[in-house]
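The values are calculated or read from the model by the stated rules, or taken from the named source; none is laboratory data. Predicted model, so just to flag it, every value in this text is computed and none were measured. Counting neighbours? That spans all protein chains shown, and the Cβs are built from the backbone with ideal geometry, glycine included.
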Amino acid sequence: MIYKDSSAGPTLSAAWSPDGKSIASGGFNGVVKLWDVATGKTLRTYSGFQNAFTSKIAWSHDGQRIAVGTSYPISQDASAYILDAHSQKILLVSTKYHGGVADLVWSPDNAYIASLDEQGEIHIWNSTTGEQVYSYQPLASNLAWSPDGKFIASSNAIESSAIENMQQVEITIWNTATHHVASVYDLHSDLINSLSWSADSSSLLLTSRDKTVMIWDVATGKTRLLHKEQTGDIYSAAWSPNGKLVALAGKDQTVHVFEANTGKTLFIYKEHKSSIYNIAWSPDGRLMASSDDAGFVRVWVAP
């Protein structure tokens, strides 16, 4: 199945609903579209985002709401939105994200959202009222909430100057109950492009600017696996629901799927004709959705 919105421009984000029946996508046209996976038809179109890019999308774990992060072509404050998944209503607007919303994730109980602005500040806020309960200022570039709800991980460049050579990177683990730093690890690696927890909250999947993929043990701080087969920058990475496989996508217009334990590449998907910004597994692990710079969202059978 291939979805295409001719007015959308690049599709920056695509996210499966928890029941696997629909996909929410967003991009340069400043709207979010909800697609029916079985038919490819548009179920709903959400607008009202003040002509901003709708670049980050995340479903609540119960499938009732959709969080959307926005940004602009030039650096200016933007907002995060909570949408009703069953109507076209915008339920909540969280404002004043400096330079735009770089990332956002739901807590496992759907009560809170952690969002990251372009200046590296993490905001934790109530998903119903919008009230901010805490903020971190680690100059972060990525964040992820552990599935067990206990921790938030962020990747932070120790040096803030934008230079092209290798930079030292820290991974900071925050305790969500105490809001204290639980641990800090120095990776001695290049800048991190993406960060995600394994389903059992034991490991982190990291992709870096030097095209390296790392699976990292949180308890020990040691690297379990290094994978270096990508030929271009990696823009998105995702664990399979059972944690056995990892999918990577990016500038080389392909999706690579490899074994999480061995690093062995099992399959390369080559149907895209432009850079791929987002890759996501269906909740049952049988399908994958990948979105690209030409505005296409492709749904295909997982290996």
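Go through the residues of the range 46-57 one by one and say whether even a single one is in contact (Cβ under 8 Å) with a residue 24 or more places away in the chain and basic (Lys, Arg). Scanning the range 46-57, I find at least one residue that is in contact (Cβ under 8 Å) with a residue 24 or more places away in the chain and basic (Lys, Arg), so the answer is yes.
For the range 140-185, residues that are at pLDDT below 80 and either in a loop (DSSP other than H, G, I, E, B) or closer than 13 Å to Trp216 by Cβ (or both) total 12.
Could you grab me the full set of residues in the range 5-53 that are of a type in the set (Ser, Thr, Tyr) and surrounded by fewer than 16 Cβ atoms within 10 Å (Cβ to Cβ)?
Filtering the range 5-53 for residues of a type in the set (Ser, Thr, Tyr) gives 6-7, 11, 13, 17, 22, 25, 39, 42, 45-47.
Once the filter is applied, which keeps residues that are of a type in the set (Ser, Thr, Tyr) and surrounded by fewer than 16 Cβ atoms within 10 Å (Cβ to Cβ), the range 5-53 yields Ser6, Ser7, Thr39, Thr42, Thr45, Ser47.
Looking at the structure I just gave you, is Trp16 in contact with a Phe, Trp or Tyr (Cβ under 9 Å, 6 or more places away or on another chain) and touching a residue at least 60 places away in the same chain (Cβ under 8 Å)? Against the criterion (in contact with a Phe, Trp or Tyr (Cβ under 9 Å, 6 or more places away or on another chain) and touching a residue at least 60 places away in the same chain (Cβ under 8 Å)), Trp16 qualifies. In the range 199-248, the qualifying residues are those that are polar (S, T, N, Q) and under 16 Å from Ile268 (Cα atoms), and the one that is surrounded by the most Cβ atoms within 10 Å (Cβ to Cβ) is Ser236. Looking only at the range 273-299, residues that are in a strand (DSSP E or B) and in contact with a Gly (Cβ under 7 Å, 6 or more places away or on another chain) come to 1 in all.
Scanning the range 183-198 for residues that are surrounded by fewer than 16 Cβ atoms within 10 Å (Cβ to Cβ) and either within 15 Å of Ala153 (Cβ to Cβ) or among the hydroxyl-bearing types (Ser, Thr, Tyr) (or both) turns up Ser183, Val184, Asp186.
Restricting the range 97-148 to residues that are under 17 Å from Phe53 (Cβ atoms) and among the charged types (D, E, K, R), which is surrounded by the most Cβ atoms within 10 Å (Cβ to Cβ)? Residue satisfying both the conditions and the ranking: Asp117. Against the conditions (1) over 20 Å from the mean Cα position of the chain (by Cα); (2) under 23 Å from Gly149 (Cα atoms), Gln76 satisfies every one except (2). Only one of the numbered conditions (1) hydroxyl-bearing (Ser, Thr, Tyr); (2) under 23 Å from Trp197 (Cα atoms); (3) surrounded by fewer than 16 Cβ atoms within 10 Å (Cβ to Cβ) is violated by Ser87, and that is (2). Report whether or not Lys251 is modelled with pLDDT under 95 and farther than 27 Å from Ser55 by Cβ. It is false that Lys251 is modelled with pLDDT under 95 and farther than 27 Å from Ser55 by Cβ.
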